[in-house]
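Working notes for the structure below.
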Amino acid sequence: MSEPRISTASELGIVACHCCGQLCRHVQGDICCSRCGARLHRRKPDSLARTWALLLAAMILYIPANLLPIMRTGSLFGSESNTILSGVAELWRAGSWDLAVIVFVASIMVPLMKFAALLVLLISVQRRKAWRARGRAHLFRLVEGIGYWSMLDVFVVTLLVALVRFQLTQVDPGPGVVYFGLVVVLTMLASMSFDPRLIWDHAESVDDGKAEEVEHD
Amino acid sequence: MEPSAHSLVICEHCDAVHRKHELARGEVARCVRCQAVLYRRPWLSLDSMFALALAAAITFFIANVWPIVTLELNGHASSATLWQAIVATWNDGVGVVSVLAALMLFFFPMLQVLLFGWVLGFLRAGRLPPGFIPIMRVLHAIRPWSMVEVFMLGTLVAVVKVGDIFEVILQPGIWAFAALTVLLALVASFDVRRIWLLKRECCG
Ligand SMILES: [Zn+2]
Ligand SMILES: [Zn+2]
């Protein structure tokens, strides 16, 4: 049932187009897909450096994103500023604990998880660890799949700014929402520039040994 | 190389090479090494995909023409469409947010619907869609950035946040967005690379 030996595309000197799936022969340097013309690489170029840069930028912007207000509600009784966390607390106090949990997960847990996961992936790949490659592959796909839900609070503010425009009550966007939107975009770009094949490049030496033993049977 | 080129699949996530098998409807092939999805055969036929794309186009139109919700307080009412929200954030000095919302909620979903419809419509008629290659590359690039489902949840959060101060009246826009969320999820679940196979089957 299970394949005794897994060959990789780079061993065979081929590369699959990320856009259309076409297989192309790849010897060296940059080539373009013979079917759709997309630029092909054996591994994403400068994957680790780009991911580090985008991730660090996102982590720095995450600080003002949480400290600065994302919106200001002005009414007769004065104005009230809300950060992401105080917005969650307000939902909780209003009795919508289910939405409070959703917003907390999307706006606070998901970005933090994404930072932690990308740090683990980057450091383990740089140290050429063969450790739990399949687990790390799952981790990468998880953070890639859920990251965009963090835009939730940005869209809440977008809609409220347009809706709450009464003489006595208005909602204005705060600077925090700009930083938060940028954090989400940067973390998405960071996980897109990370090449999950790097996880397996270093796991290979271990896999090879096992695979060869099977072949000798 | 050439004869085997269509029978091999390479895992995008770990570079392992697999031999391709024909799948039954709804089946998914996963990588033996890292378990990522290699390719899938959708439940829906080309005709039903095209119908979904058309339905999504109509829903997109309704969702953007009608207001999403109306708020009422002491006889004053205020309502907004998505585009008004985009303009309002622009005017309030958070241009970055406005541009992100315009791209992720308006332009990218619109392009997805129109380009899918265009490509599937021509393939259905057995013709090569004009501009096929650039269209496929655009569809591939914008897919992660189209976020109608996040906006749908955001609308719900926004409504609950202001629900105890204002009277909230749901407008047709919100139902159209809900329908669009489902339709777009179905349309976008269609593996773009599958379309290259369809194209080979019908136009060579
Ligand atoms: Zn290609
Ligand atoms: Zn794999």
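The values are calculated or read from the model by the stated rules, or taken from the named source; none is laboratory data. Not measured: the values here are computed from a predicted model. Please note: Cβ atoms are built from the backbone with ideal geometry, for glycine as well, and neighbour counts cover all protein chains shown. Remember, those area values only see protein heavy atoms, side chains included, never the ligands or the DNA or RNA. Shrake-Rupley method; radii C 1.70, N 1.55, O 1.52, S 1.80 Å.
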Taking a ≥ b ≥ c as the square roots of the eigenvalues of the Cα gyration tensor of region B:1-41, is the shape rounded (a/c under 1.5), prolate (a/b larger than b/c) or oblate? oblate
I want to check the label-to-label distance for A:Trp92 and B:Glu167. Put each point 7 Å from Cα in the C-beta direction and report it in nm to one decimal. 3.3 nm
Per-residue Cβ counts within 10 Å, from other chains only, averaged over A:71-79: what number is that? 1
Can you show me the helix-derived [θ] at 222 nm for chain A, built from DSSP H runs with n ≥ 4 at -39,500 (n - 2.57) apiece and divided by the number of residues, rounded to the nearest 500. -18500 deg cm²/dmol
Everything considered on the Cα gyration tensor (a ≥ b ≥ c; rounded for a/c under 1.5, else prolate if a/b is larger than b/c, else oblate), region A:1-106 must be described as prolate
Two-site label geometry, A:Ser75 and A:Arg134: point separation in nm, points 7 Å out along Cα→Cβ: 5.5 nm
Would you mind getting the accessible area per residue of the protein assembly as shown, heavy atoms of the protein chains only, 1.4 Å probe, in Å²? 47 Å²
Per residue of chain B, what 222 nm ellipticity follows from adding -39500 (n - 2.57) for every DSSP H run with n ≥ 4, rounded to the nearest 500? -17500 deg cm²/dmol
Any idea what Rg and Dmax come out to for chain A if you just take the C-alpha atoms, in Å? 22.9, 82
For the protein assembly as shown, list log₁₀ I(q)/I(0) at each q in 0.12 Å⁻¹, using the Debye formula over Cα point scatterers of equal strength and ignoring solvent, two decimals each. -1.05
Mean separation of Cα contacts under 8 Å (at least 6 apart) over the residue count of chain A, i.e. the relative contact order in percent, is 30 percent
So, with points 7 Å from each Cα along the Cβ direction, the B:Asp47-A:Met113 label distance in nm works out to 4.2 nm
What full-extension length gain, to one decimal in nm, is calculated for B:Trp83 and B:Arg143 as 0.36 nm per residue of separation minus the Cα-Cα distance? 19.5 nm
Other chains near B:93-104: what is the mean number of their Cβ atoms within 10 Å of each residue's Cβ? 6
